[in-house]
1. Taking region 185-209 as the search range and keeping residues that are out of contact with any Cys (no Cβ under 8 Å at 6 or more places or on another chain) and part of a loop (DSSP other than H, G, I, E, B), which one is modelled with the lowest pLDDT?
2. Just wondering, is there one or more residues in region 72-86 that are surrounded by fewer than 19 Cβ atoms within 10 Å (Cβ to Cβ), within 29 Å of residue 219 (Cβ to Cβ) and under 16 Å from the mean Cα position of the chain (by Cα)?
3. With the requirement that a residue be in a strand (DSSP E or B) and buried (at least 19 other Cβ atoms within 10 Å of the Cβ), what does region 112-136 give you?
4. Would you check if residue 11 is of a type in the set (Gly, Ala, Ser), loosely packed, with under 13 Cβ neighbours inside 10 Å and at pLDDT below 95?
5. Which number in (1) farther than 14 Å from residue 49 by Cα; (2) touching a strand residue (DSSP E or B) at 6+ places or on another chain (Cβ under 7 Å) marks the one condition that residue 134 misses?
6. Which of the following residues is assigned to a loop (DSSP other than H, G, I, E, B), touching a residue at least 60 places away in the same chain (Cβ under 8 Å) and surrounded by fewer than 20 Cβ atoms within 10 Å (Cβ to Cβ): 156, 212, 140?
7. I'd like to know if region 178-191 contains one or more residues that are touching a helix residue (DSSP H, G or I) at 6+ places or on another chain (Cβ under 9 Å) and either under 16 Å from residue 214 (Cβ atoms) or hydrophobic (A, V, I, L, M, F, W, C) (or both).
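The values are calculated or read from the model by the stated rules, or taken from the named source; none is laboratory data. Since we're looking at a predicted model, the values are computed, not measured. Cβ sites come from the backbone with ideal geometry, for glycine too, and all protein chains shown count toward neighbours.
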Amino acid sequence: MSNLASELRRAFWPWREKSMPSENATNRYLLWIDSVGGFYLCTGNSIRIGQAVPGNAVELPMLADLSRHHATLRRTGESYVLDALRDVEVDGRHVESFAALPAKCELRLGKSLRMSFSRPHPLSATARLQFLSHHHTQPSSAGIVLMAETCVLGPSVKCHVQCKNWICDVVLYKKGDDFWCRTEGDLDCAGQTLARGGRIALGQPVTGNGFSFSLEQLV
């Protein structure tokens with residue numbers, strides 16, 4: 001990863017060294033993709049959403065007018081359920097207690113936070129959230145990935161993170177506590193060449209044929 005990309009990343013996430021503690025800290029990561037942007041990556045099956053205030057241990061802290069724990073997104077197998085603790089709408093319909101989410105819908109939390117929810121890849125339970133309003137996570141991100149078994153990065157609109165200028169897909173997946181990836185051709189991570197993929201090191205740049213990214217744990 002270039003020095004310019006590293007500087008942009010530090011500017012993009014100025015608060016990352018002061019991030020709020022979480023009971024599920026190991027389930028939250030920052031995925032920085034060179035020339036694309038930064039993305040919040042959550043690997044847990046239960047994702048709490050709330051206001052970004054000091055000491056509030058939620059997986060998705062939002063810079064928005066929300067309660068400290070406003071709602072919870074739960075993944076069970078191939079399905080997602082939104083538990084509403086405060087004011088929540090799904091496609092304009094008020095949620096009294098919980099709602100099963102379709103493959104694509106619009107969420108509203110509080111008075112003004114709006115996000116789209118989608119499962120773009122037909123063979124993966126991984127979902128993504130994209131902001132429709134001016135709000136952001138803390139640290140700031142271009143989008144949120146709710147990672148199940150895999151996270152696909154690549155040029156197609158069906159990828160969980162679309163990287164329009166890439167020439168091939170990169171698939172991230174977990175084995176135990178470690179992240180691995182696979183792609184076409186060789187890639188390099190922490191000075192080691194991986195033939196078509198392998199285990200990647202957190203905080204180290206991963207480079208290949210026309211792409212560069214890194215993954216950092218958020219604590």
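1. 196
2. Yes: one or more hits.
3. 113, 115, 117, 127, 128, 129, listed by residue number.
4. Considered against the rule, which asks whether it is of a type in the set (Gly, Ala, Ser), loosely packed, with under 13 Cβ neighbours inside 10 Å and at pLDDT below 95, residue 11 comes out as yes.
5. With (1) farther than 14 Å from residue 49 by Cα; (2) touching a strand residue (DSSP E or B) at 6+ places or on another chain (Cβ under 7 Å) applied to residue 134, the lone miss is (2).
6. Criteria check complete, one pass: 140.
7. Within region 178-191, none of the residues are touching a helix residue (DSSP H, G or I) at 6+ places or on another chain (Cβ under 9 Å) and either under 16 Å from residue 214 (Cβ atoms) or hydrophobic (A, V, I, L, M, F, W, C) (or both).
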